[in-house]
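Below is one structure, written out as structure tokens; the observations come after it.
The values are calculated or read from the model by the stated rules, or taken from the named source; none is laboratory data. Nothing here was measured: the structure is a model prediction, and the numbers come from that model. Virtual Cβ from ideal backbone geometry, glycine too; neighbours counted across all protein chains shown.
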Amino acid sequence: MSTTEKTNLLSLDRQAMQEFFAGMGEKPFRATQVIQWVHHYGVDDFDAMTNLSKELRARLREAAEIRVPEIIEDQTAADGTRKWLLRLDDGNAIETVFIPEEERGTLCVSSQVGCTLNCSFCSTGHQGFNRSLGVAEIISQLLVANCALGRDPKGERIITNVVFMGMGEPLLNYDNVLPAMRLMQDDYAYGLSRRRVTLSTAGVIPMLDRLREDCPVSLAVSLHAPNDALRDQLVPLNKKYPIAELLEACRRYCADAPRTRVTFEYVMLDGVNDSLAHAHELVKLLQTVPSKVNLIPFNPFPDTRYLRTPREAIDQFRDVLVAAGITTITRKTRGDDIDAACGQLAGRVQDRTRRRERLVKRAVQT
Ligand code: SAH
């Protein structure tokens, strides 16, 4: 059997893995065993799976594989932030970033190669879009990073949190992001609690409602502006899903979970969205949603027209929010010497026009 016909076990969450084993005439507990080998122990060789019979191992070798993207670059910034460039089977490459902090270690994962949303201040958008990542490509980022980082002296994992804040819009790749998030939370895989997995979205409202029902992880929303006129310019998706409806969806998201708050991300762009008047407008807006605010100093990239708001102005903006009782933190700029900061992830988007051309062709043909 050729490689392409084998099932990559990394693409299967628990339910899919159980179905896979059912198809082989095996019991569901095989799924638990294999999930543990693959994700918990990072084993990619069926022969090392000693609690499976020799015969089952041989059948697995025939039908399945554990295929992880290859690391093509591994850089560490002065502040300890580490970035991996991973090569995908089709020649595209994606970036994954690890951010060490005192109390936690956060992995920032990508969900697409490039992005369709074209937010005016984000470098990923400027790279264009090629395609969405598969389940295996998403979870592999955690697998690869965990293997590279090893464990701390107590034997605990170094990565304690995952955020979908890399390349792409996770809610536009829901069908693959969901099983990957389920694996992140699976006790035999990575065992991360719901609140340690954060999905960041520019606000794809219908998918927010599905997420709340399917897998209510921590939610971050890229707001960036306190009114529609300005947000339309910064986040074009706002024209489809304007602020009032987005906040309504955020309220629904929190409704069943009493202590849940939405984190609103707000990139600080000098002279664009960072005045004290904007801060007061934001306070008004967020009154009815249980919220926290993350102010993100803008990270520049080549050919951008924006500048970062000066530190003092960010502090004054924050003070307005804090005075109104909104928990607000200014995100530290991490890893910018290796282009690993928010909005700087570019990866390598191959052939970004191909998909669009194909779609246009298809539209013309039908
Ligand atoms: N598509 C998702 C997730 C990816 S972006 C979303 O929009 O939330 C992750 C975060 O980085 C978002 O809040 C995004 O707005 C922010 N960001 C993008 N470009 C940035 C830049 N140049 N400087 C600072 N933050 C940026």
Of the conditions (1) within 22 Å of Ile72 (Cβ to Cβ); (2) touching a Lys or Arg at 6+ places or on another chain (Cβ under 9 Å); (3) of a type in the set (A, V, I, L, M), Ile139 fails just one. Which one is it?
-> (2)
Check segment 345-357 and report whether any residue there is away from the ligand (no atom under 15 Å from the Cβ), surrounded by fewer than 15 Cβ atoms within 10 Å (Cβ to Cβ) and at pLDDT 95 or above.
-> no
Going by the structure shown, is Glu95 modelled with pLDDT under 95, charged (D, E, K, R), in the same structural domain as Val163 (by TED's automatic domain parsing) and within 16 Å of the ligand (Cβ to nearest atom)?
-> yes
Are any of the residues in segment 109-122 surrounded by fewer than 20 Cβ atoms within 10 Å (Cβ to Cβ) and touching a residue at least 60 places away in the same chain (Cβ under 8 Å)?
-> yes
Of these, Val144, Val177, which one is more than 15 Å from the ligand (Cβ to nearest atom), touching a Pro at 6+ places or on another chain (Cβ under 9 Å) and in contact (Cβ under 8 Å) with a residue 60 or more places away in the chain?
-> Val144
Would you check if there is a residue in segment 156-170 being more than 13 Å from the ligand (Cβ to nearest atom), modelled with pLDDT under 95, under 22 Å from Glu101 (Cβ atoms) and over 16 Å from the mean Cα position of the chain (by Cα)?
-> yes
Could you tell me whether Pro170 is without any contact (Cβ under 8 Å) to a residue 60 or more places away in the chain, within 25 Å of Thr304 (Cβ to Cβ), in the same structural domain as Ala225 (by TED's automatic domain parsing) and not polar (S, T, N, Q)?
-> yes
In the set Gln112, Gln127, the lone residue that is in contact with a Leu (Cβ under 8 Å, 6 or more places away or on another chain) and polar (S, T, N, Q) is Gln112
Run Asp79 past the list (1) over 25 Å from Glu169 (Cβ atoms); (2) modelled with pLDDT of 95 or more and report the number of the one that doesn't hold.
-> (2)
How many residues are under 30 Å from Arg251 (Cβ atoms), within 28 Å of the chain's Cα centre (by Cα) and not in a loop (DSSP other than H, G, I, E, B) if we restrict to segment 292-329?
-> 15
Scanning segment 98-120 for residues that are touching a Lys or Arg at 6+ places or on another chain (Cβ under 9 Å) and part of a loop (DSSP other than H, G, I, E, B), which turns out nearest to the ligand (Cβ to nearest atom)?
-> Ser120
Any chance segment 193-213 includes a residue that's among the small types (Gly, Ala, Ser), surrounded by fewer than 20 Cβ atoms within 10 Å (Cβ to Cβ), away from the ligand (no atom under 16 Å from the Cβ) and modelled with pLDDT of 95 or more?
-> yes
Elements of type helices (runs of 4 or more DSSP H) contained in segment 1-75, each with 2 or more residues being touching a helix residue (DSSP H, G or I) at 6+ places or on another chain (Cβ under 8 Å) and surrounded by fewer than 13 Cβ atoms within 10 Å (Cβ to Cβ) = none
For Val289: the one exception among (1) in contact with a strand residue (DSSP E or B) (Cβ under 8 Å, 6 or more places away or on another chain); (2) of a type in the set (A, V, I, L, M, F, W, C); (3) within 15 Å of the ligand (Cβ to nearest atom); (4) assigned to a loop (DSSP other than H, G, I, E, B) | (3)
Output yes when any residue across segment 252-265 is in contact (Cβ under 8 Å) with a residue 40 or more places away in the chain, of a type in the set (Asp, Glu), exposed (fewer than 15 other Cβ atoms within 10 Å of the Cβ) and assigned by TED's automatic domain parsing to the domain that holds Phe164, and no when none is.
-> yes
Leu276: surrounded by 22 or more Cβ atoms within 10 Å (Cβ to Cβ), among the hydrophobic types (A, V, I, L, M, F, W, C) and touching a residue at least 40 places away in the same chain (Cβ under 8 Å), yes or no?
-> no
Could you list, in sequence order, all residues of segment 310-345 that are over 28 Å from Gln75 (Cα atoms) and among the β-branched types (Val, Ile, Thr)?
-> Ile314, Val320, Val322, Ile326, Thr327, Thr328
